[in-house]
1. Using amide H atoms built 1.01 Å from N in the peptide plane, name the residues 5+ places from SER268, or on other chains, whose amide H lies under 5 Å from its own.
2. In degrees between 0 and 90, to the nearest 10, how far off the longest principal axis of the chain does helix 279-292 point, with axes built from Cα atoms?
3. In sequence order, what are the phi-derived ³J(HN,Hα) couplings for the range 23-38 according to the Karplus relation 6.51 cos²θ - 1.76 cosθ + 1.60 with θ = phi - 60°, rounded to whole Hz, with x for glycine and proline?
4. State, as an integer percentage, the relative contact order of the chain based on alpha-carbon contacts under 8 Å between residues 6 or more apart.
5. Of the cross-linked pairs LYS171/LYS191; LYS238/LYS291; LYS223/LYS256; LYS191/LYS223; LYS171/LYS238; LYS62/LYS106, which ones have a Cα-Cα span greater than 24 Å in the structure shown?
6. Using mean Cβ contacts within 10 Å as the protection proxy, how do 331-340, 200-209 order, highest first?
7. Tell me, what is the 1.4 Å probe accessible area of SER34, in Å² to the nearest 10?
8. In terms of the ratio Rg/(2.2 N^0.38 Å) built on C-alpha atoms, what value belongs to the chain?
Amino acid sequence: MSAPIVLGIETSCDETAVGIVRGRSLLANVIASSVEEHARFGGVVPEIASRAHLEAMQPTIKQALKDANISLSDIDSVAVTAGPGLVGALLVGVGAATGLALGLDKPIFAVNHLAAHISVDALTHTETLTPTIALLVSGGHSSLLQVDDITGSITKLGATMDDAAGEAFDKIARVMRLGFPGGPAIDALAKTGDAESISFPRALTTSNDWQTRPFDFSFSGLKTAVARYLEATTDYAKANVAASFQEAIVDVLLLKSLAACKASGIDSLLIAGGVAANSRLRAVAEARCVKAGVRLRIPAPGLCTDNGAMVAALGSLMVSAGCAASPIAFDADSSLPVTTISVQD
Ligand code: KG4
Ligand code: ZN
């Protein structure tokens, strides 16, 4: 018998995304983004995102079914992002997924967006990497996690105390007038710059910080330092600023990730979330993990940023682990903690 088919819906931010998997095989991954509608505001506008989800939902589901070459009746389970995210945006996905599950009389898995980012690894590897340290870096979150069981046990080791890493990329790109979202623009510009040219601060890395907050991050001081530099200096190359800023983020993220591996005795690191698409983060992670004897996994760049495949992947892992489905009347939760892998009440 072939593995069950799971359809996953993601609408936590500005992507209306539908993924379909059969077991660990990806059958479809369709993404309709409203990013261009937000670009002129320099960030995601919740009302615009919700409206765009409503318009895109049905065509995105239809396209995913077409790409997977299946019909609605072939779906065995539905998975949906229940949080964290923008509540109005989440509710559109939750409404669509609940309707599908009810209409098809199939179970629904209301899953955590952050756990889903990590789960996407299952689509490219047959062996699940657990236990592992996971560095989760997105536009809204930056955390270091210990994942003992992706469907059952995630422990938070640390998190950002202010801005998320992706948020820092977006804010600095805005100051530098590079457009929104800022991560890909800074990544591209930094390739032609000198990462050693400006020494920007690495927060929470003093010996006292290593004692008291070893696995926490802070990026707002870095953001201010870059903004001050840009204000005070007239003769600079934009590419050098981008490269030096990016280097400061990458350096701290990996220093802390590898410290978490060492402290926990876990020799694997998984990097997930939109910022994991960053080419410099990927390259430096590779080099430092080889040196430290740590196994590294980072999803393909297209699976790092928000998508529906990751939601379907987590749903599928839950089905095969025999996890309980969610009640049909579950609530979306804009601040769902990463330790709640699926909503059970
Ligand atoms: O995971 P994601 O798609 O959405 C959230 O859950 O937040 O992450 C989006 C974030 C944005 O801040 C974006 O600028 C950042 O990921 N990002 C990048 C790159 N691609 C996306 N940051 C740095 N370098 C990139 N190549
Ligand atoms: Zn995300």
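The values are calculated or read from the model by the stated rules, or taken from the named source; none is laboratory data. What you see is a predicted model; the values in this text were computed from it and never measured. Here the Cβ is made from the backbone with ideal geometry for all residues, glycine too, and neighbour counts use every protein chain on show. Just the protein is used for accessible areas: all its heavy atoms, side chains included, with ligands, DNA and RNA removed. Shrake-Rupley method; radii C 1.70, N 1.55, O 1.52, S 1.80 Å.
1. Result for SER268 returns ILE133, ARG295.
2. The helix 279-292 is inclined about 80 degrees to the chain.
3. Those phi angles translate into x, 9, 9, 7, 9, 7, 8, 10, 10, 10, 9, 9, 3, 5, 6, 9 Hz.
4. Working: 779 pairs, mean separation 88.9, N = 345.
In percent, rounded to a whole number, it is 26.
5. Values: LYS171/LYS191 19 Å; LYS238/LYS291 32 Å; LYS223/LYS256 19 Å; LYS191/LYS223 20 Å; LYS171/LYS238 15 Å; LYS62/LYS106 18 Å.
Beyond 24 Å between Cα atoms: LYS238/LYS291.
6. Numbers: 331-340: 17.1, 200-209: 15.5.
Highest-to-lowest ranking by the protection proxy: 331-340, 200-209.
7. 10 Å²
8. Values: Rg = 19.9 Å, N = 345, 2.2 N^0.38 = 20.3 Å.
Relative to the 2.2 N^0.38 Å estimate, the chain comes out at 0.98.
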